[in-house]
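What follows is calculated from the coordinates using simple rules that are stated; it is not laboratory data. Keep in mind the model is a prediction, meaning the values are calculated, not measured. Cβ atoms come from the backbone with ideal geometry, glycine included; neighbour counts cover every protein chain shown.
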Amino acid sequence: MTTTKFRREFDVVGDDFAGAGRVSTEIKALLKRVGYAEQTIRRVAIAVFEAEMNVVMYARRARITLDMDPEGVRILVDDVGPGIPDIEVAMQEGYSTATDRMRQMGFGAGMGLPNIRRNADEFAIESEVNSGTRVRFVVHAR
Amino acid sequence: MTLREVVERLGLKVCCGGEHLEREVTGGYAGDLLSDVVANSQEGDIWITLQAHENAVAVASLRDLAGIVFVGGREPDEDTARRASARGIPLLSSSQRTFELIGRLLEVGVPTGRV
């Protein structure tokens, strides 16, 4: 088993709806080139898409860090933004603070964070109000 | 069944991506909540939605969907069409509403894509 590790960083800007989906698409292409299993790629792509949309909708900006090794894919989404006052509530399926405009665009179903957790083998979130939110997740290679 | 056959039999308008119509449609998915579609659609699906904007293109590209059909006569703006072309996602438009359109798709033999 090789121990090769590989890191890439991506920046996401808040309110940039036009650019949204760029990072998840890039990461998906990258994982494909590296040769991860289809299912691993799918789970990472869905989770990163949701994380990216959360940044676009709610945060000012974020740095997404991708770490790859043969064991799996590790993602950190570290944003500067309003933070989440009650994480337990935010994790509930169906709970959303999306605006009417976001809902009209098909966002705000309250499925973002639950979708990330569902597609990850490890998941952690921490947040500080008026500072930012950090979401970490790992998808094991299989 | 190829996307071209679907387009011809249902009289869909091809807004962009006409060069990718030979792709096989292996199933279908309908939905307007992007989180639902990104989580539950399957590769090769034709996606029926009213979300005619660029984030829909991102979802289709991410899940390798065969194409998107916008219902109720909705059509993508130029930026959205450009983005879809760049990613090889055909954007189609139908004057029908979701319910009738899905009925027609099943009638002409588009598989549901699920066992």
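Classify region A:79-131: rounded, prolate or oblate, from the alpha-carbon gyration tensor (a ≥ b ≥ c, eigenvalue square roots; a/c under 1.5 rounded; otherwise prolate if a/b is larger than b/c)? Could the numbers behind the result be given before it?
Details: a/c = 1.97, a/b = 1.14, b/c = 1.72.
Because a/c hits 1.5 or more and a/b fails to exceed b/c, region A:79-131 counts as oblate.
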Inter-probe distance in nm under a simple model that places probes 7 Å from Cα toward Cβ, at A:Asp67 and A:Thr4: 1.9
Identify the GluC sites (Glu not before Pro) of region B:1-95 meeting these criteria: DSSP loop state and at most 13 other C-beta atoms within 10 Å of the C-beta. B:Glu22, B:Glu43
Using only the Cα atoms of the protein assembly as shown, what do you get for the radius of gyration and for Dmax, in Å? 18.5, 55
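Would you work out the charge dipole size for chain B about its Cα centre, treating the Cβ of every Lys and Arg as +1 and the Cβ of every Asp and Glu as -1, and quote it to the nearest 20 debye? Please list the in-between numbers first.
Details: 12 positive and 17 negative charges, 22 e Å.
So the dipole magnitude of chain B works out to roughly 100 debye.
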Just the number, please: percent antiparallel of the DSSP beta bridges in chain B, rounded to the nearest 5. 25
Computed about the Cα centre, the charge dipole of region A:6-140 from +1 Lys/Arg and -1 Asp/Glu charges at the Cβ has a magnitude in debye, to the nearest 20, of 440
Between B:Asp77 and B:Gln42, what is the label-point separation in nm under the 7 Å Cα-to-beta-carbon projection? 3.5
Please find, in a Gaussian network model of chain B (springs between Cα atoms separated by less than 10 Å), the residue of B:Gly103, B:Gly11, B:Gly73 whose mean-square fluctuation is greatest. B:Gly103
Lys/Arg Cβ at +1, Asp/Glu Cβ at -1, dipole of the protein assembly as shown taken about the Cα centre: which of B:Leu12, A:Val34, B:Gln51 is farthest positive-ward? A:Val34
tail above 14 Å in the computed P(r) of region B:63-105, as % of all Cα-Cα pairs, reads 50
Under a cut-off of 19 Å between alpha-carbon atoms, report the lysines in cross-link reach of A:Lys5, not counting same-chain residues fewer than 8 places apart. A:Lys28, A:Lys32
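Rounded to two decimal places and with Rh computed the Kirkwood way over Cα pairs, what is Rg over Rh for region B:3-107?
Numbers: Rg = 11.8 Å, Rh = 13.0 Å.
That ratio equals 0.91.
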Over all alpha-carbon pairs of chain A, lay out the pair-distance distribution in 5 Å bins, whole %, shortest bin first. 2, 10, 21, 24, 20, 12, 7, 3, 1, 0, 0
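Counting helices only, and only those DSSP H runs with n ≥ 4, report the 222 nm mean residue ellipticity of chain A as the sum of -39,500 (n - 2.57) divided by its residues, in deg cm²/dmol to the nearest 500.
Working: 5 runs with 51 residues, N = 142.
Helices in chain A give a 222 nm mean residue ellipticity of -10500 deg cm²/dmol.
Quick one: length gained pulling A:His140 to A:Asp86 fully straight, 0.36 nm per residue minus the C-alpha distance? Please list the in-between numbers first.
Numbers: separation 54, 0.36 × 54 = 19.44 nm, distance 2.83 nm.
Gain on extension, A:His140 to A:Asp86, equals 16.6 nm.
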With label points set 7 Å from each Cα along the Cα-to-Cβ direction at A:Ala124 and A:Glu38, the distance between them in nm comes to 3.4
At what distance in angstrom do the alpha carbon centres of region A:51-80 and region B:36-103 lie from each other? 26
